[in-house]
Amino acid sequence: MRREKFVPHGGPDGGDGGRGGSVVLVADGKVAGLGAYRDGRPRTAAAGHAGSSSLRKGAAGEDLELAVPVGSIVWDGEQRLADLTEHGERVVVARGGRGGWGNKRFATPTRRAPRFAQKGAPGERRALRIELKLLADVGLVGLPNAGKSTLLGAWSAAHPRVAPYPFTTLEPELGVVELGYDSFVAADMPGLIEGASQGVGLGHEFLRHVERTRVLVHVLDMTRDDPLADRALINEELATFGHGLADKPQVLALNKIDDPDAAAHVELLEEQVEALGVPWLAISAASGEGTMPLARRAFQVLQDQLEREAGEAPPPPLLQPEPRVRERVRAERAADGTVVVHGPTAEWLAMTLDIEDVEAREELLDRLRRLGVQRALTRLGVRVGERIRVGEVELTWE
């Protein structure tokens, strides 16, 4: 209450409380992984500050910004909240609660000195899952030991691990392929085997990264007995996994032609390869033969794909503001006979006004009536003196 000399009845003087801070995820190109969040401990933004006298409003709580790698997908259960594909992209994943109103807000011609105020509402709480998917223009796919890592090393300055045994590559490796004034990012993916779409081998770890590439360079080991059957096997796994992997444009790299048997295999299968209707080149990733023409061909296919994507209508943003609609409250009888009132504003008021205080309870009941709660209760046959529940609060209807 305002208390000054010569103003003995100054009236209510309390300011509103500040809104609580929100939790914000920010895509940061300098962050490489999600290891910082493996501990599972909660991250909490700052609370809003209380209002004070002279109608001073409390300061809002500071937002908590959490850096995540570019390429992070944020899930709330089965709902995808955001796909952060650009450096600096931001998404609010938990909003701070509204600040409470000071007693000045509740002054009326008949209640000139309200001695109650409203509490602030709690902020949102969420348990999220963050999934990191690699971002690359071109993905190198093929069976283990087909020569994908060697090809990436020939294309770029990347140094993926190369060894003569399966699954040398356990995690995707990125490399920037320079083509004069042009360039693209290529990813060496872990080898794929039969049953990968069901998680066999490194299947799911492999395939979820393939989703984020635009073009696939399919590396075939031409020293094997039936390389075209290998191609069919991998394409079948891509189609079984879904998510549009089978629809991505491909370029075939017929690898290891430095081996005489492989070179002979290429000549023998040339007509069958042509019949597939996809671009192809014979290369030796180990010696470098044909690798740069293959890179230029992959870049050309990438440009064609980008033009097609530009011509398509852009997808709607994942996080759209909810349309403002007139709020409706409803009431129902629960299985135990309790009358339950539903409605966001009604639940917010019940949560933040102290029903133990006579004035605050009168204010709550009056606002509930104005929201239409009385009409909803009348339709249910609720009488004065009956207990009702609004959110987590139970009170007697008056």
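The values are calculated or read from the model by the stated rules, or taken from the named source; none is laboratory data. Treat the numbers as computed from the prediction; the structure is a model and nothing was measured. Every residue, glycine among them, receives a Cβ derived from its backbone with ideal geometry; neighbour counts consider all protein chains shown.
Within the stretch 177-191, is even one residue among the acidic types (Asp, Glu), surrounded by 23 or more Cβ atoms within 10 Å (Cβ to Cβ) and either modelled with pLDDT of 55 or more or closer than 17 Å to Leu132 by Cα (or both)?
yes
Mind checking which residues of the stretch 103-140 are over 30 Å from His218 (Cα atoms) and touching a strand residue (DSSP E or B) at 6+ places or on another chain (Cβ under 9 Å)?
Gly123, Glu124, Arg125, Arg126, Ala127, Leu128, Arg129
Results for (1) farther than 14 Å from Ile130 by Cα; (2) assigned to a loop (DSSP other than H, G, I, E, B); (3) modelled with pLDDT of 80 or more, shown as yes or no for each residue.
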position: Ala32; (1), (2), (3): no, yes, no
position: Asp39; (1), (2), (3): no, yes, yes
position: Gly58; (1), (2), (3): yes, yes, yes
position: Leu66; (1), (2), (3): no, no, yes
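In the stretch 350-391, how many residues are without any contact (Cβ under 8 Å) to a residue 60 or more places away in the chain, of a type outside the set (Lys, Arg) and in a helix (DSSP H, G or I)?
Looking only at that region, the number is 14.
Modelled with pLDDT of 85 or more and of a type in the set (Lys, Arg), is that true of Arg129?
yes
Taking the stretch 91-111 only, how many residues are touching a Pro at 6+ places or on another chain (Cβ under 8 Å), part of a loop (DSSP other than H, G, I, E, B) and basic (Lys, Arg)?
0
Do we have Gly88 as in a loop (DSSP other than H, G, I, E, B) and either within 30 Å of Thr213 (Cβ to Cβ) or free of Cβ contacts under 8 Å to residues at least 60 places away in the same chain (or both) here?
When the stated conditions are applied, Gly88 passes them.
Report the residue count in the stretch 38-72 for those that are free of Cβ contacts under 8 Å to residues at least 24 places away in the same chain and in contact with a strand residue (DSSP E or B) (Cβ under 9 Å, 6 or more places away or on another chain).
2
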